[in-house]
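Taking it in order: structure first as structure tokens, then the write-up.
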Amino acid sequence: MTTNKLAIIGGSGLYDVEEFEERELLDLQTPWGKPSDQILKTKYNSKEVYFLPRHGRGHFVSPSNINFRANIDALKQLGVTDIVSVSAVGSLKEDLPPGKFVIVDQFIDRTFSRIKTFFDEEIVAHVSMAHPTSSGLMNACEDAIKKSKIDYQRNGSYVVMEGPQFSTLAESNLYRSWKADVIGMTNMPEAKLAREAEIRYASVSMVTDFDCWHPDHENVDVKQVIKVLLGNAEKAKVMIKNLIDNFEDHIDPNDPTNNCLDVAIITAPEKRTKKTLDKLKTIAGRVLNK
């Protein structure tokens with residue numbers, strides 16, 4: 001029977017919760033290098049949970065320089081089955097003001113300088129990204145948010161831009177014309193790599209600003225963003241405690257993520273070298289070692 005393990009990828013302040021017990025910082029190595037920072041292993045109500053600060057503790061890793069592959073591989077090494085991303089975003093809609101949470105179900109990937117797959121040498125795999133987030137995990141997030149009494153929207157499209165600069169006005173209006181809901185810099189290729197690793201993924205986006213399209217908020221000010229971000233983080237801590245308690249109640253045994261590599265790898269077995277098989281053993285060993 002599979003042991004379900006939850007990981008939270010987000011800001012470094014999200015795990016500063018008094019009730020978290022038996023804290024241990026894990027220093028992992030992967031074939032793709034080191035993760036963004038040490039991974040916190042802790043317990044809440046006797047349930048094991050992991051926290052990975054996406055930008056490192058103290059926020060020193062730029063969005064484009066995040067080692068997404070190492071982050072996902074390291075969590076997979078720890079047996080993580082479910083990842084919830086908690087990230088700050090700008091709003092592209094009037095009815096998504098700062099402080100509101102969005103449970104994202106779709107992405108528009110506009111990044112261009114990031115490696116987006118584990119299968120970039122010798123072995124080729126094509127996973128479906130039609131539905132990039134797991135419905136059961138989204139249900140768990142919604143339940144946790146409701147219990148936390150946080151204003152939220154279920155479903156929404158997240159434009160992932162390269163950064164680290166914010167949008168131009170023309171770009172912001174373009175994304176609004178696409179009917180996208182929020183914009184950020186971090187959920188891609190994270191969601192794609194989680195899918196390749198057969199880890200269920202959900203994204204909770206915390207609105208900090210109106211990007212630059214709003215006539216009353218024409219410039220995105222980092223100080224103002226940080227002010228809203230700190231308030232959102234306090235709400236997120238309550239949500240996370242609820243999520244740790246409930247996520248296993250919402251797991252879908254038929255989630256397509258669970259076995260997506262069964263129909264993804266196209267490369268003939270004789271073309272797979274031991275070097276590449278070893279590199280992919282954590283991510284795809286379940287199917288490659290058959």
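Odds and ends about this structure:
- Complete set of residues in the range 177-192 that are buried (at least 17 other Cβ atoms within 10 Å of the Cβ) and either more than 28 Å from Ile283 (Cα to Cα) or of a type in the set (A, V, I, L, M, F, W, C) (or both): Ala180, Asp181, Val182, Ile183, Met185, Met188, Ala191
- The combined condition, being farther than 30 Å from Ala170 by Cα, among the basic types (Lys, Arg) and not in a helix (DSSP H, G or I), is not fulfilled by Lys235.
- Flag if Lys179 is under 17 Å from the mean Cα position of the chain (by Cα) and at pLDDT 95 or above: no
- Considering only residues in the range 65-83 that are surrounded by fewer than 21 Cβ atoms within 10 Å (Cβ to Cβ), touching a residue at least 12 places away in the same chain (Cβ under 8 Å) and among the polar types (S, T, N, Q), the one that is farthest from Gly10 (Cα to Cα) turns out to be Gln77.
- Verdict on Glu270 being of a type outside the set (Lys, Arg), out of contact with any helix residue (DSSP H, G or I) (no Cβ under 7 Å at 6 or more places or on another chain), farther than 24 Å from Ala7 by Cβ and surrounded by fewer than 18 Cβ atoms within 10 Å (Cβ to Cβ): yes
- In the range 129-143, the condition of being closer than 30 Å to Val287 by Cβ, in contact with a helix residue (DSSP H, G or I) (Cβ under 8 Å, 6 or more places away or on another chain), at pLDDT below 95 and exposed (fewer than 15 other Cβ atoms within 10 Å of the Cβ) is met by no residue.
- Restricting the range 92-113 to residues that are among the aliphatic types (A, V, I, L, M) and in a loop (DSSP other than H, G, I, E, B), the residue that is surrounded by the most Cβ atoms within 10 Å (Cβ to Cβ): Leu92
- Test result for Glu198, within 20 Å of the chain's Cα centre (by Cα) and either over 21 Å from Cys141 (Cα atoms) or surrounded by fewer than 24 Cβ atoms within 10 Å (Cβ to Cβ) (or both): yes
- Only a single criterion out of (1) surrounded by fewer than 22 Cβ atoms within 10 Å (Cβ to Cβ); (2) in contact with a helix residue (DSSP H, G or I) (Cβ under 6 Å, 6 or more places away or on another chain) is not satisfied by Val86, namely (1).
- The set of residues in the range 197-214 that are outside any strand (DSSP E or B) and at pLDDT 95 or above comprises Ala197, Glu198, Ile199.
- Residue match in the range 17-25 (condition: in contact with an Asp or Glu (Cβ under 6 Å, 6 or more places away or on another chain), of a type in the set (Lys, Arg) and at pLDDT below 95): no
- Scanning the range 14-55 for residues that are touching a helix residue (DSSP H, G or I) at 6+ places or on another chain (Cβ under 8 Å), small (Gly, Ala, Ser) and farther than 21 Å from Tyr201 by Cα yields a single hit, Gly33.
The values are calculated or read from the model by the stated rules, or taken from the named source; none is laboratory data. As the structure is a computational prediction, the values presented were derived from the model and not from experiment. When we count neighbours, we look across all protein chains shown, and the Cβ atoms used for this are built from the backbone with ideal geometry, even at glycine.
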